[in-house]
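A.B. asks: This structure is in structure tokens; I'll ask about it shortly.
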Amino acid sequence: MSDRIQQPPASDGIREVSKNLPAVGLVATESNAEWIAAEILRIHSRAHQVIVTAAVDADPQALTFARWLDAEVVDPSGSQPQTDTPRERLRRYARQAGYPGLVYHGEGDGSVSLPASREALNSAETFTIDARIEPVTDPEPTVMVGIPAYNEAGTIGTVVESAREYADTVLVVDDGSTDQTVEAAEAAGATVYEHERNVGYGGALKSIFEQADRNATDHLVVLDADGQHDPSDIPELVERQRESEAEIVIGNRFGESTETEMPLYRRFGLFTVNIMTNLSLGILTPTNRIRDTQSGFRAYSQTAISSLASDSSIGDRMDASTNILYHAHSNGYQIAEVPTTIDYDVEASNNLGPVEHGLTLVGNIIRTVEREHPIMLLGVPGVCFVLAGFVFTYLTMFNYFQSGTFPLGHALASTTFTITGILASFTGIILHSLELYRQ
């Protein structure tokens, strides 16, 4: 795979510090090296000098960082009296060095508000003041839009431009396209991650999860590249995720307020797949069921992104959407839905026909149920078959004793049902035992 993700531009450098501005005094300890380094870089970038000393007669790592970053270091040992405090030591050094004042921050947390500290120093009649601290604010959650794309040069540009209005980053994973998809996505302002060959929809989704996880994305919204999904619905998915704290939010095409005009054959197929998927998840009550299990328009939380990025069981094909739901179920994730309208009046981008797509989904559901719930898939039907075999055995014997003739049809049915039921029951028991052993 080739990676076209752009790196941030290099820094323009640290602004030269000035002795016409008050210095900032910091105190190094054994545990605040990272904080000291970050504060020095930030304060230097605003043209103030930093003077650092240590709280004890030692040389903690923070002092080493301070020297590397061109801060002025006051050694706590030497000719200073034993009663000397770090504050007094920094004050004396700043006055002797010719600074107009000292903003003392000590070894505390937080960042110095330089404008507020300068104002306080100017209004005070002392050389040294305690630093004014910038209020701590939580950063805004980041939103990434992920778009899997394969030969979508005709639509990807419009989709990217629309999605950029509602996201901090738009990531397009090009799944080995042979047209101009990459160029069109980059021209529209997307970050592009390329697969050297086509690996399938699920493979593109896995790359999206991996890239979103590397960027510590708070909300990842995945939508299709063919223009079927409406990017203006992105804020609704993200807002629902924030309100409900659900790990996955699905854009539901069957909501009451949606205006999706879906072909009848597709609606019937999805209805069947939805029922089978919910049953395979063990969801039996209507209040808990997922109404649109196959919608690709979804929002993922940071927790879901991280776990999905490391899950190798997500398939490479179109059945990845179902695999993600199984992943969510096994991890106890909450799933929410919001109404969304899908436009089917676009060029179909799915390389699989509806019949083949449906068979792929059904096959995946059956394999999953066989693996996760063998008793339900094989054990229960097997017992029913054995009971049916007993019924036909009874009818065979009853008919023979009453009429003296042997009913061959009943006998064959009895044998078939009994043998099939026994094999299915034992297979279910064995698979269930293997599943318990793996756990």
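A.B. asks: Please state the shape class of segment 133-185: rounded when a/c is under 1.5, otherwise prolate if a/b exceeds b/c and oblate if not, all from the C-alpha gyration tensor.
C.D. replies: Cα axes put segment 133-185 in the prolate bin.
A.B. asks: Another question, then. List the residues whose amide H sits under 5 Å from the amide H of I133, counting only those 5 or more places along or on another chain, with H placed 1.01 Å from N in the peptide plane.
C.D. replies: Counting only residues 5 or more places away or on other chains, the set is S113.
A.B. asks: Okay, moving on. Could you tell me which residue out of A185, S111, P148 lies farthest along the dipole of segment 70-220 toward its positive end? Charges go on the beta carbon: Lys and Arg +1, Asp and Glu -1, centred on the Cα centre.
C.D. replies: Of A185, S111, P148, it is S111.
A.B. asks: Between V56 and T142, what is the spin-label point distance in nm, taking each point 7 Å from the Cα along the Cα→C-beta axis?
C.D. replies: About 3.8 nm, to one decimal.
A.B. asks: Once amide H atoms are built 1.01 Å from N in the peptide plane, which residues 5 or more positions from V24, or in another chain, come under 5 Å H to H?
C.D. replies: Here Q49, V50, I51, V103 satisfy the definition.
A.B. asks: Once fully extended, how much extra length lies between F268 and S123, figured as 0.36 nm per residue of separation less the alpha-carbon to alpha-carbon distance?
C.D. replies: Details: separation 145, 0.36 × 145 = 52.20 nm, distance 7.60 nm.
Residue separation times 0.36 nm, minus the Cα-Cα distance, leaves 44.6 nm.
A.B. asks: Tell me, in nm to one decimal, what length is gained between R289 and L408 on full extension, where the rule is 0.36 nm per residue of separation less the Cα-Cα distance?
C.D. replies: Numbers: separation 119, 0.36 × 119 = 42.84 nm, distance 4.65 nm.
Result for the pair: 38.2 nm of gain on full extension.
A.B. asks: Also: Would you please name the trypsin sites (Lys or Arg not before Pro) within segment 173-231 that are DSSP coil residues with at most 15 other C-beta atoms within 10 Å of their C-beta?
C.D. replies: R197
A.B. asks: For E243, E39, E236, give the ranking by accessible area with the largest first, probe 1.4 Å.
C.D. replies: Putting E243, E39, E236 in descending order of accessible area: E243, E236, E39.
A.B. asks: Additional query: When the Cα centres of segment 159-178 and segment 97-140 are compared, how far apart do they sit, in Å?
C.D. replies: That distance is 43 Å.
A.B. asks: Just reorder M276, M144 by solvent-accessible area, largest first, 1.4 Å probe, all chains present.
C.D. replies: M276, M144
A.B. asks: What are the ³J(HN,Hα) couplings of segment 175-182, residue after residue, when phi is run through the Karplus curve with 6.51, -1.76, 1.60 and θ = phi - 60°? Round to Hz, x for glycine and proline.
C.D. replies: Karplus values, whole Hz, x for Gly and Pro: 8, x, 5, 10, 10, 9, 4, 4.
A.B. asks: Next question. Expected output is a single nm value to one decimal: the length gained when fully extending between S330 and S77, i.e. 0.36 nm times separation in residues minus the C-alpha distance. What is it?
C.D. replies: My answer for the length gained is 85.1 nm.
A.B. asks: Given charges of +1 on the Cβ of Lys and Arg and -1 on the Cβ of Asp and Glu, with all other atoms neutral, how large is the dipole of segment 84-169 about its Cα centre, in debye to the nearest 20?
C.D. replies: 660 debye
A.B. asks: Ok, one more. Quick one: 3J(HN,Hα) in Hz for segment 98-104, Karplus 6.51/-1.76/1.60 with θ = phi - 60°, rounded, Gly and Pro as x.
C.D. replies: Coupling constants for segment 98-104: x, 6, x, x, 10, 9, 8 Hz.
The values are calculated or read from the model by the stated rules, or taken from the named source; none is laboratory data. Predicted, not measured: the structure shown is a model, and the values here were computed from it. Glycine gets a Cβ as well: all are built from the backbone with ideal geometry, and neighbour counts include every protein chain shown. Ligands, DNA and RNA are excluded from the accessible area calculation, which covers all protein heavy atoms including side chains. Shrake-Rupley method; radii C 1.70, N 1.55, O 1.52, S 1.80 Å.
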